[in-house]
Amino acid sequence: MRDNKSTVTEKFDVVVLGAGISGLCLAHRVVRAGRQVLVLESAGEPGGCVRSQRQPDGFWFEMGAHTLYNSYGSLLAIIDELGLGDRILARRRAPYRLLVEGKLRSIPSQLNLAELFASAWHAFSERKQGRTVADYYGKLVGRKNWKRVLAPLFAAVPSQPADDFPAEILFKKRPRRKDVPRSYTFAGGIQTLTDRMATRPGITLRTNATACALARTEGGFVVTIAGGDRVLARCLALAIPAPEAAGLLAHLAPEAATALARIVVAKIESVGVVADAHHVRLPHLAGIVPVNDTFFSVVTRDVVPDDRLRAFTFHFGAGQTLDQRIDRICAVTRLDRDQLVCVATHATSLPSLSLVHAGIADEIDRHLPRSGLYITGNYFGGLAIEDCSLRSAKEADRLLAEAI
Ligand SMILES: Cc1cc2nc3c(=O)[nH]c(=O)nc-3n(C[C@H](O)[C@H](O)[C@H](O)COP(=O)(O)OP(=O)(O)OC[C@H]3O[C@@H](n4cnc5c(N)ncnc54)[C@H](O)[C@@H]3O)c2cc1C
């Protein structure tokens, strides 16, 4: 029984900060090797950027990550180990549309074909390495096509302008598993996976538990949780956004903290709405990408169709009130406010990566060996869930080899 006012000191082999996909993948691998793991999570539930909003009647829609691919081999190994393979749901094919001056347009219809054909030959000579997304893809499709079509499409991926992202980091080629649908989710949404990971035997999850201070102690670390509780860890893994990790490590690992503090993040504020299907006049779509708007993308539930309800999640940057956002959502979906049967919000952040990023990640890694500290997240190999899983696998292997 936990008393909120008292200081409880429990000891674990490993304490993981953050129950997003990165923290859970690391915890999964360490527990599989027989270690006891405590995962501390600030929010009231695990998942982080993975948040499947569920209604009492069973309808669900994604507030964050929405698509997994058969190229996510490292994640699929975990899915298999958890026996979740039979809950995989193939996503139905549906188009993405651009929103141009209030009208939905197909992507090809917005491309200037003359410019595209004049530029396409660059595909044979251009290399992605050391180039930004705007520089590399701009060459391939032409500057005007980049600005009008590709820049909004790329910005829709990390919900922020992506021009300066390294070209190598988005859309990686990976081997595909032929026995798994090309793109998929789960019955109940992707959070079905993170929920299962968080309840795996050997993992103790503590929600509403923000790690607010770290210190070294004999044989490990002491983690102070907001409210005063403390836990002891032989090894400590951080799987939280870079700015939070930088703050917590400022005294414990100042060099790594300085490198982490150089990683800029963008806040993403998502608003999801649900309406009766017969009220929605929009065609069935996977999503909408606006050209120059207050939001970066809309993701729908149409890829897992439901007879009764449809859902639309709008991913905004910071800076507007909920009221203003709902006005914009109603204008785009052509729904009245009183036709919205559910409005949900979820705030997350994603790193804003640039060409200097690889150097920052190397700098973080340079200070970690044999420190008892392990850092994972979406700011190493890339933002995709598979990148998080791969980084977590690497850190879990290092932990098991180095520490215990
Ligand atoms: C809108 C959106 C759509 C996306 N779509 C896709 C997609 O379709 N496919 C895909 O592959 N990827 C997608 N991504 C990217 C991917 O979902 C994320 O990069 C990934 O989930 C990040 O996981 P993470 O565990 O590294 O970080 P997070 O998910 O941010 O988890 C970090 C966790 O740490 C917790 N935390 C923070 N500070 C503390 C503290 N001091 N103590 C304890 N806990 C703390 C937070 O509450 C959070 O739960 C999407 C991301 C977003 C935002």
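The values are calculated or read from the model by the stated rules, or taken from the named source; none is laboratory data. Just so it is clear, the structure is predicted and the values come from calculations on it, not from any experiment. Methodologically, a virtual Cβ is constructed for each residue, glycine included, from the backbone with ideal geometry; neighbour enumeration extends over all protein chains shown.
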*Members of the range 200-215 found to be in contact (Cβ under 8 Å) with a residue 60 or more places away in the chain and assigned to a strand (DSSP E or B), listed by number*: Ile203, Thr204, Leu205, Arg206, Ala211
*Among the residues of the range 102-122, count how many are in contact (Cβ under 8 Å) with a residue 12 or more places away in the chain and either acidic (Asp, Glu) or in contact with a strand residue (DSSP E or B) (Cβ under 7 Å, 6 or more places away or on another chain) (or both).*
4
_Test of understanding: among Arg200, Arg230, Arg234, which residue is farther than 24 Å from His315 by Cβ, buried (at least 18 other Cβ atoms within 10 Å of the Cβ) and either over 22 Å from the mean Cα position of the chain (by Cα) or more than 15 Å from the ligand (Cβ to nearest atom) (or both)?_
Arg234
*Collect the residues in the range 381-400 that are in a helix (DSSP H, G or I), more than 7 Å from the ligand (Cβ to nearest atom) and either among the polar types (S, T, N, Q) or surrounded by 20 or more Cβ atoms within 10 Å (Cβ to Cβ) (or both), keeping them in residue-number order.*
Asp387, Ser389, Leu390, Arg391, Ser392, Glu395, Ala396, Leu399
_Matching entry among Glu244, Glu255, Glu269 (being within 13 Å of the ligand (Cβ to nearest atom), assigned by TED's automatic domain parsing to the domain that holds Ala215, among the acidic types (Asp, Glu) and out of contact with any Gly (no Cβ under 6 Å at 6 or more places or on another chain))_ = Glu244
*Has the range 56-65 got at least one residue that is outside any strand (DSSP E or B), touching a residue at least 40 places away in the same chain (Cβ under 8 Å) and within 7 Å of the ligand (Cβ to nearest atom)?*
yes
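Consider the range 78-118. How many of its residues are more than 30 Å from Gly138 (Cβ to Cβ) and surrounded by 11 or more Cβ atoms within 10 Å (Cβ to Cβ)? Walk me through it before giving the result.
First, pick out the residues of the range 78-118 that are more than 30 Å from Gly138 (Cβ to Cβ): 78-90, 92.
Filter once more, so that each one left must be surrounded by 11 or more Cβ atoms within 10 Å (Cβ to Cβ): 78-82, 84-85, 87-90, 92.
Going through the range 78-118 one residue at a time, the tally reaches 12.
In the range 358-380, how many residues are assigned to a loop (DSSP other than H, G, I, E, B), in contact (Cβ under 8 Å) with a residue 40 or more places away in the chain, within 16 Å of the ligand (Cβ to nearest atom) and not polar (S, T, N, Q)? Walk me through it before giving the result.
Just the residues of the range 358-380 that are assigned to a loop (DSSP other than H, G, I, E, B), to begin with: 367-372, 376-380.
Filter once more, keeping what is in contact (Cβ under 8 Å) with a residue 40 or more places away in the chain: 367-368, 371-372, 376-379.
Next, only the ones that are within 16 Å of the ligand (Cβ to nearest atom) stay: 376-379.
With not polar (S, T, N, Q) added as a condition, the list becomes 377, 379.
Residues meeting the conditions: 2.
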*Looking only at the range 173-218, which residues are modelled with pLDDT of 95 or more and of a type in the set (Val, Ile, Thr)?*
Val180, Thr185, Ile190, Thr192, Thr194, Thr199, Ile203, Thr204, Thr207, Thr210
*With respect to Ala261, determine if the residue is more than 17 Å from the chain's Cα centre (by Cα) and crowded, with 22+ Cβ neighbours inside 10 Å.*
no
